[in-house]
Amino acid sequence: MTITIRQKALANDNISLYLDIYDGGKRKFEFLSLYLLPEVDAETKARNEETLQRAHQIRAERILHPETIPEVGHLMIVKEIPNDESPEVLDWIQTYIDWMSDNTDYSKAIVDQSKYLKYLMSEFLANKRRPHITLRKFDKEWFKAFFLWLKNDYVPQKYVRVEAKPLCEGSLHNVQQRIVAVFNKAVKFGKLKANPFYQLEKSDIFPKPKTSHKQYLTPDELKRFMASDERSPGVAEAQRAFGFACLTGLRISDIKALRWSDIKRNKETNTLVIVQKKT
């Protein structure tokens with residue numbers, strides 16, 4: 001049996017490390033979720049040396065213990081924790097989803113994002129062959145591996161049969177916000193002593209996407225827009241809805257949820273009374 005460390009260039013200029021395993025006329029590959037970064041300074045060069053050292057350690061382990069070679073997916077080491085009574089990660093995410101669903105302070109969008117996190121986490125843990133990992137065992141190394149998998153390996157289902165497109169910066173940051181919230185809640189309820197996310201380096205996390213430049217209609221432009229004569233009923237309705245949103249500051253979700261009971265009438269004015277949910 002021969003095992004060779006090979007490299008695969010990625011679109012983001014990182015290099016993925018994997019093992020080329022040839023045994024008995026059969027070849028298989030084990031992707032290690034280890035990545036070399038562009039060496040822009042001494043710090044990244046040092047990190048790359050540590051990453052290569054880890055790859056060589058895994059290669060040596062596979063040579064000495066062939067039984068550890070995974071048949072499918074990626075294998076990650078799970079540290080032993082005596083008397084670990086913390087819930088499994090996927091079970092805790094579901095508990096968090098159930099809690100938010102019963103809490104009117106949270107919008108449907110946030111609940112849906114948390115459900116998406118659970119889907120992604122289940123895919124990731126299946127890929128790592130560790131579907132039952134607990135909260136306490138999901139340490140900072142697992143956080144790093146999850147974020148790297150999201151950035152470099154995960155392909156949304158709708159792109160599987162076409163040109164692969166990774167998750168955008170906004171989606172990556174949203175998923176990160178959800179998992180941080182899930183683990184913060186675990187700390188609050190005494191399931192964890194601390195959130196491993198806060199042990200990560202700045203280079204390991206997804207930054208908040210830069211706000212794009214926005215252009216706004218002037219009052220005169222809005223007046224001209226509302227004064228245009230639209231004959232199509234659908235376009236005219238959209239025109240009125242847009243103008244209503246501009247004048248009230250309501251979001252599309254607020255307008256869709258609006259009811260006559262939200263309008264308080266008096267002799268001189270009509271007042272909207274709504275409670276906006278967290279997003």
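Where a number appears in this text, it was derived from the coordinates with a stated rule and is not lab data. Quick caveat: nothing in here was measured; it's all calculated off a predicted structure. Heads up, the Cβs are rebuilt from the backbone with ideal geometry, glycines too, and the neighbour counts pull from every protein chain shown.
Amide H contacts of Leu192 (H built 1.01 Å from N, in plane; Pro and chain starts excluded): Val187 sit under 5 Å, all sequence-distant by 5 or more or on other chains. Applying the Karplus relation 6.51 cos²θ - 1.76 cosθ + 1.60 with θ = phi - 60° to segment 44-57 yields 3J(HN,Hα) values of 5, 4, 5, 5, 5, 5, 5, 5, 4, 4, 5, 4, 5, 5 Hz, where x marks Gly and Pro. Across the chain, the mean sequence separation of Cα contacts (distance under 8 Å, 6 or more residues apart), normalised by length, yields a relative contact order of 13 percent.
Highest GNM mean-square fluctuation, the chain, Cα pairs closer than 10 Å: which of Phe225, Phe206, Phe146? It is Phe225.
Quick check on segment 75-139: take the gyration tensor over C-alpha atoms, sort the square-rooted eigenvalues as a ≥ b ≥ c, and tell me if it's rounded (a/c under 1.5), prolate or oblate. Mind showing how you got there, number by number?
Details: a/c = 3.85, a/b = 1.76, b/c = 2.19.
Cα axes put segment 75-139 in the oblate bin.
Checking the a/c ratio against 1.5 first, then a/b against b/c, what shape does the Cα gyration tensor give for segment 89-204? Since a/c reaches 1.5 but b/c is at least a/b, the shape of segment 89-204 is classed as oblate.
Distance cut-off 32 Å, Cα to Cα: go down the list Lys151/Lys191; Lys118/Lys193; Lys8/Lys191; Lys28/Lys108; Lys26/Lys140; Lys45/Lys191 and report the pairs above it. Kindly include the intermediate steps, with their values, before the conclusion.
On the way: Lys151/Lys191 28 Å; Lys118/Lys193 22 Å; Lys8/Lys191 39 Å; Lys28/Lys108 43 Å; Lys26/Lys140 35 Å; Lys45/Lys191 37 Å.
Among Lys151/Lys191; Lys118/Lys193; Lys8/Lys191; Lys28/Lys108; Lys26/Lys140; Lys45/Lys191, the Cα-Cα distance tops 32 Å for Lys8/Lys191; Lys28/Lys108; Lys26/Lys140; Lys45/Lys191.
In order along segment 212-224, phi translates into HN-Hα couplings of 6, 5, 10, 10, 10, 6, 7, x, 5, 5, 5, 4, 5 Hz, rounded to whole numbers, per the Karplus curve 6.51 cos²θ - 1.76 cosθ + 1.60 with θ = phi - 60° and x for Gly and Pro.
Roughly speaking, what is the stretch gain from Ala257 to Gln53, that is 0.36 nm per residue apart minus the C-alpha to C-alpha distance, in nm to one decimal? Each step should come with its number before you reach the end.
Numbers: separation 204, 0.36 × 204 = 73.44 nm, distance 5.60 nm.
Length gained between Ala257 and Gln53: 67.8 nm.
Of Tyr96, Tyr22, Tyr35, the residue with the greatest mean-square motion in the GNM of the chain, using alpha carbon springs below 10 Å, is Tyr22.
Could you list Thr95, Thr218 so that the one with the fewest beta carbons within 10 Å of its beta carbon is first and the one with the most is last? Kindly include the intermediate steps, with their values, before the conclusion.
Values: Thr95 16, Thr218 8.
Lowest to highest Cβ neighbour count: Thr218, Thr95.
The HN-Hα couplings worked out from phi for segment 192-207 by the Karplus form 6.51 cos²θ - 1.76 cosθ + 1.60 (θ = phi - 60°) are 9, 7, 7, 8, x, 4, 6, 8, 6, 6, 4, 6, 8, 10, 8, x Hz, whole numbers, x standing for Gly and Pro.
Taking square-rooted eigenvalues a ≥ b ≥ c of the alpha carbon gyration tensor, is segment 2-68 rounded, prolate or oblate, where a/c under 1.5 means rounded and, failing that, a/b exceeding b/c means prolate? Verdict is oblate for segment 2-68.
Residues considered: Leu125, Leu200, Leu17. Largest GNM mean-square fluctuation over the chain, using C-alpha springs under 10 Å, is found at Leu200.
Between Ser86 and Arg136, the built amide H atoms are under 5 Å apart, and every one of these is 5 or more places off in sequence or on another chain.
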